[in-house]
Amino acid sequence: VQAGQRLLIEGAAGNVGRKLIQLATAAGVTVVTTSSARDFDQCQRLGSQACYDYQSGFGDQLVRDEWTFDHVIDTSGRVALATNLDLLLLGGEVTLITAPKDDQFTFGVRAFYMAQKRINGFVISHATVDQLARAAEVLNQAFSAGQLLDDQVSQQHFSDAPRCHQWLEDGQDGHQRFVLLPD
């Protein structure tokens, strides 16, 4: 994604999505997001130009609002690939950073081909040393500028690990992060 382009981040309220909003906005990219409606304010504070509820047919809403994108990043794995492809401009790309729940896809291959669209998969364990070094550079610059440090971190003891795990499983703490320390 480059300055002046449009990016749709799906699942933007999660840890990865929030960081993507900030990095893309700082790079001069127009960012649009999907999340739960309760997270719209946070996404907008981080730089999202428009927020859509991922639970309410956002693809149709984006089309009605005349949004199309150079790049779509799906952090959730819950969006139909055909929906993402339909939202792309000529030469646009979809990047999946998690395995989609639906392992089988149907989409218009001819339209995909004619519009020179691309599908990327990103698995961090396959990243090269050069890719990781470039990413570390960008992240370290952002950290030095005081960016990307908005996570709520709760310090808990090792003995609290089962309770923390249960909170995360139950979704009780939203986007809470835990650091476990020796008792």
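The values are calculated or read from the model by the stated rules, or taken from the named source; none is laboratory data. Computed from a predicted structure; not experimentally measured. Don't worry about glycine lacking a Cβ; one is built from the backbone with ideal geometry, like all the others, and counts go over all protein chains shown.
Here are a few things to note about the model shown:
- Per-region count, the range 18-34, residues modelled with pLDDT of 95 or more and not in a helix (DSSP H, G or I): 7
- Filtering 79, 63, 72 for residues that are closer than 26 Å to residue 111 by Cβ, part of a strand (DSSP E or B) and either touching a Ser or Thr at 6+ places or on another chain (Cβ under 7 Å) or in the same structural domain as residue 105 (by TED's automatic domain parsing) (or both) leaves a single hit, 72.
- Odd one out for residue 106, checked against (1) within 19 Å of the chain's Cα centre (by Cα); (2) surrounded by fewer than 15 Cβ atoms within 10 Å (Cβ to Cβ): (1)
- Test result for residue 4, small (Gly, Ala, Ser) and either touching a Pro at 6+ places or on another chain (Cβ under 8 Å) or not in a loop (DSSP other than H, G, I, E, B) (or both): no
- Residue in the range 42-52 that is among the small types (Gly, Ala, Ser), closer than 20 Å to residue 100 by Cα and surrounded by 15 or more Cβ atoms within 10 Å (Cβ to Cβ) present: no
- The single condition among (1) closer than 22 Å to residue 19 by Cβ; (2) in the same structural domain as residue 22 (by TED's automatic domain parsing) that residue 168 does not meet is (2).
- Pick from the range 119-174, criterion surrounded by 13 or more Cβ atoms within 10 Å (Cβ to Cβ) and part of a strand (DSSP E or B), ranking: modelled with the lowest pLDDT: 154
- Top-ranked residue of the range 49-83 - restricted to ones that are touching a residue at least 60 places away in the same chain (Cβ under 8 Å) and of a type in the set (S, T, N, Q), ranked as nearest to residue 5 (Cα to Cα): 68
- Scanning the range 79-89 for any residue that is closer than 30 Å to residue 140 by Cβ and either modelled with pLDDT of 90 or more or buried (at least 19 other Cβ atoms within 10 Å of the Cβ) (or both) turns up nothing.
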